[in-house]
Each structure stands twice: as C-alpha cells, then as structure tokens.
Amino acid sequence: MIHEKWYQVELSDVDFQQRIKLSALANKFQDLGNIASQALGVGFETIYHEYGVVWALVRLRLDIDRLPTLGENVLIRTWAYKPKSLQFDRDFSVTDEEGQVIIRAVSAWVILDYETRRIRKASTIIHQNYQDPGLDR
C-alpha cells in the first residue's frame, strides 16, 4: 500500500540558499513513514507502549535531481516491503507540483528494544501481512 501526503517547504526547513535541508527532508520522511506504519498497526506509539520497542533508521540512500525550495509544495509517497528477519525496507519519492519525481529514497529500519538497545526480530513484534507494492527498487 502506498501512502502519500502533501508538504509545504517552510522557512524552518531551508538553508541559506532557500533549499530544503536534508534534516528537514528526513523529518518529513519520518512523519509519513509513521503514518504509514500506524495504518499497519505498528506506529511508534503502538510498538513503544505495547512492546517497549522503537523504530531505528539504519540506512538512507537519496537520489536527488533537485531540492525543493522555500514555499514549494511537494507530494511525498512511501511504501514498505515485506519485512526480513531483522530489517524493514521502506522507500520514498518526492514529486513536485509539475508531477516530476525530484527525489527518490531507499531506507532500512530495525526494531530496537528501548531498554536494552538491542535489535529485536521482526517476527516477535510484527504479525501484519505487508502488501507487495509491486515496485522495483
């Protein structure tokens, strides 16, 4: 399942050249990723309170054609792949108002035990049936 949301690039999101900072882009990815995870029943609040674990980003690769600028509206999309034993893959795309994909991102996440900071296996927490998004990586 693909989730999407429009975001406007705010003043606090940009650098001195009025282009979005990578940290602000990552925050938007995290926001939408959590919305998508909530739809699967494994959002931050749920897994933290029910299992004492949190999501942790372990890898993020960005392919950037151009960075959005101050005031620009962009559509961010995300989709998850079937979990591996320890790793969850989630991809993102950023599309401008003209319909051009300007950023593509590939991410990998793990579940960490909040107390011990150790990685937990997906099968101990996640029992959802992830739908194959039918997209190539």
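The values are calculated or read from the model by the stated rules, or taken from the named source; none is laboratory data. It should be emphasised that the depicted structure is a prediction, and the values quoted were computed from it without experimental measurement. Using ideal geometry, Cβ is built from the backbone for each residue, glycine included, and neighbour counts are taken over all protein chains shown. The accessibility values were calculated without ligands, DNA or RNA, using every heavy atom of the protein model including side chains. Shrake-Rupley method; radii C 1.70, N 1.55, O 1.52, S 1.80 Å.
Structural remarks
- Looking only at residues in region 9-31 that are hydrophobic (A, V, I, L, M, F, W, C) and within 14 Å of Trp109 (Cα to Cα), the one that is farthest from the chain's Cα centre (by Cα) is Ala26.
- Condition check for Asp89: open to solvent by less than 30 Å² (accessible area, probe 1.4 Å) and within 13 Å of the chain's Cα centre (by Cα): yes
- Some residue of region 87-99 being aromatic (Phe, Trp, Tyr), under 19 Å from Ala122 (Cα atoms) and not in a loop (DSSP other than H, G, I, E, B): yes
- Selection status of Gln8, surrounded by 13 or more Cβ atoms within 10 Å (Cβ to Cβ) and polar (S, T, N, Q): no
- For the criterion of being touching a strand residue (DSSP E or B) at 6+ places or on another chain (Cβ under 6 Å), open to solvent by 50 Å² or more (accessible area, probe 1.4 Å) and in a loop (DSSP other than H, G, I, E, B), Arg66 passes.
- Some residue of region 26-44 being closer than 15 Å to Leu112 by Cβ and touching a Lys or Arg at 6+ places or on another chain (Cβ under 7 Å): no
- Residues being open to solvent by 30 Å² or more (accessible area, probe 1.4 Å), free of Cβ contacts under 8 Å to residues at least 60 places away in the same chain and assigned to a helix (DSSP H, G or I) - total across region 21-56: 15
- Taken as a whole, the condition of being closer than 21 Å to His3 by Cβ, in contact with a Leu (Cβ under 7 Å, 6 or more places away or on another chain) and β-branched (Val, Ile, Thr) applies to Thr78.
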